[in-house]
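The values are calculated or read from the model by the stated rules, or taken from the named source; none is laboratory data. Just so you know, these numbers come straight off a predicted model, no measurement behind them. SASA here: full protein model, heavy atoms, side chains in, ligands and nucleic acids out. Shrake-Rupley method; radii C 1.70, N 1.55, O 1.52, S 1.80 Å.
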Amino acid sequence: MKAIDMKAIYANKDYKGNWVALKSFTSNPEVISHAKTLKETLERAEQKGFKHPIIMQIPKQILPIVGVI
């Protein structure tokens, strides 16, 4: 399986702290819609003809995660 490059989505200032709807998880994901609320994001995606998009919330700030196995 090929890695999914999410750098452009996480780096976009318009998406930080908001919900985004993606067309699909591919090597180059395409954002369909975004908004501050999940409901508004889904409504915008549905207006564009996508009833079941992939949804995720982009954090305002990316913090490192350290764990122990």
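List, in the order given, every pair from LYS39/LYS60; LYS2/LYS51; LYS7/LYS51; LYS13/LYS39 whose Cα-Cα distance in the structure shown is over 23 Å.
Numbers: LYS39/LYS60 19 Å; LYS2/LYS51 26 Å; LYS7/LYS51 25 Å; LYS13/LYS39 20 Å.
Those over the limit are LYS2/LYS51; LYS7/LYS51.
How far is helix 38-47 tilted off the main Cα axis of the chain, in degrees rounded to 10, range 0 to 90?
So the helix axis and the longest Cα principal axis differ by about 50 degrees.
Using the Cα atoms of the chain to build a convex hull, what is its mean projected area in square nanometres?
Numbers: hull surface 23.3 nm².
Its Cα hull, projected and averaged over all orientations, spans 5.8 nm².
How much accessible area per residue does the chain have, in Å², with a 1.4 Å probe?
Numbers: 5530 Å² over 69 residues.
Counting only protein heavy atoms, the per-residue value for the chain is 80 Å².
Carbon and sulfur atoms: what percent of the 1.4 Å accessible area of the chain do they account for? Working shown, then result.
Values: 3080 of 5530 Å².
Carbon and sulfur: 56 percent of the exposed surface of the chain.
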